[in-house]
Amino acid sequence: MPLAPDAVTGTAAGVPYVLRPPATPRPDAPLVVAWHLMDAPRTEQAFAAALPLEGLDAWRLYPGLPLCGARSPGFEEIMRLGREEPVLNLHGAANAQAVAELPALLEALRVEHGIGHGPVAVAGGSAGAGVAGAAIVEKVVEVHAAVLISPLLVLRPVVAELATFFGMDYRWTPESEAVADRMDLVARSGELGDVPVRCIVGAQDAAEAFLEPAGRLRDVLVERGVHADLHTIEGMGHALAEEPGLEPAPQTAHAAEVDRLAVAWLAQAFELA
C-alpha cells in the first residue's frame, strides 16, 4: 500500500520524515507532530498509513525515531544493545535524541515547506508517545493538545517487560534511574501544564506497563482540572499495525478507531486554539 498521494517524504536536520498537507495548504494551518512506535508500525511511513489523521485540516508531520527505520543499526545490533543496556542504549537514548532534534527539524521544515505558523499538537504511539509527552514537559515547542497511543508513560515497568523478553535480570544504576525519572510522565504530570491529553490504549495491552500508567495520568490531570480522558479499545493489544510494520500497510480496524478518536480530540483543540 503506497503512502497517500499528497505525502512528501524527505530528510530535514538529519531526521527522516513524512509530511502531509491540510486540505488547503497554508502557513498558519495547525501542525500535528506524530512519532511512531518501536513496535508495528515502527517507521514514519508505516505510522503515516496507520494513523493518517484523515479529515483533520492540519499539516501532519511524522518524524522517524532514532534507532528506527533508515536510522536503525539493524535488528541484530538493536537486540545486542537491548540485552546490554535497554535504558541507556535504547529507550533513554532514542527519547532524548528525538526531543533534542525537534526544534531544528521544525525550523528546517518552516524554511522548506512554510509550515509551523499555526498551533501545534503532538501525538505518538508507545515510545513515540513518550517523546510527545517529553516534548511538552521539556518545553521544546508550545503544544496545544496531545494524543498518546499505547503510551510509554513510565519506563520502569516497560523495562521489566523487556528484561523478561531478553531473559535478563536488569540491574538499575544511578544513570538509568535518572533516565527513568526523566521519562516518568505520570510523576512529571504537573509539567504538562494545561495541555489537553487524550490517552488511547488497547484493552489487551500489558496492564502494569501501559494500561495502568495511562489511567493514573488521566486521573492526576483531571484532578488538577486539565481536560484529559482515556479510551480503552476492546480487542486491541499494543501494536497499531500488522508485523513487520516497516512499510505502509492497509489500516487495521483498531487503527481506524484510534485515528477517529485522535482526529476528534485534535480538531476540538485546534478550534479552541
> Is the stretch 238-246 home to any residue that is assigned to a helix (DSSP H, G or I) and at pLDDT 95 or above?
Replying inline: no
>> Among the listed residues Asp184, Asp194, identify the single one that is charged (D, E, K, R) and more than 17 Å from Ala127 (Cα to Cα).
In response: Asp194
>> Looking at Ala29 and the list (1) within 15 Å of the chain's Cα centre (by Cα); (2) surrounded by 18 or more Cβ atoms within 10 Å (Cβ to Cβ); (3) of a type in the set (Gly, Ala, Ser), which single condition is not satisfied?
In response: (1)
> Taking the stretch 46-71, which residues are outside any loop (DSSP other than H, G, I, E, B) and of a type in the set (A, V, I, L, M, F, W, C)?
Replying inline: Ala46, Phe47, Ala48, Ala49, Ala50, Trp59, Leu61, Ala70
>> Given (1) surrounded by fewer than 20 Cβ atoms within 10 Å (Cβ to Cβ); (2) touching a residue at least 24 places away in the same chain (Cβ under 8 Å); (3) in a helix (DSSP H, G or I), identify the lone condition not met by Ala256.
In response: (2)
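Condition check ((1) free of Cβ contacts under 8 Å to residues at least 40 places away in the same chain; (2) in contact with a helix residue (DSSP H, G or I) (Cβ under 7 Å, 6 or more places away or on another chain); (3) of a type in the set (Phe, Trp, Tyr); (4) over 24 Å from Gly245 (Cα atoms)) across all residues:
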{"position": "Pro73", "(1), (2), (3), (4)": "yes, no, no, no"}
{"position": "Ala93", "(1), (2), (3), (4)": "yes, no, no, no"}
{"position": "Ala132", "(1), (2), (3), (4)": "no, no, no, no"}
{"position": "Glu142", "(1), (2), (3), (4)": "yes, no, no, yes"}
> Taking into account only those residues within the stretch 151-181 that are buried (at least 16 other Cβ atoms within 10 Å of the Cβ) and among the β-branched types (Val, Ile, Thr), which is nearest to Ala123 (Cα to Cα)?
Replying inline: Val154
> Does Ala178 satisfy being out of contact with any strand residue (DSSP E or B) (no Cβ under 6 Å at 6 or more places or on another chain) and under 22 Å from Ala135 (Cβ atoms)?
Replying inline: yes
> How about the stretch 39-86: which of its residues are surrounded by fewer than 23 Cβ atoms within 10 Å (Cβ to Cβ), at pLDDT 95 or above and basic (Lys, Arg)?
Replying inline: Arg71
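The values are calculated or read from the model by the stated rules, or taken from the named source; none is laboratory data. Bear in mind the structure is a predicted one, so any value in this text is a computation, not a measurement. Backbone-built Cβ (ideal geometry, glycine too); neighbour counts: all protein chains shown.
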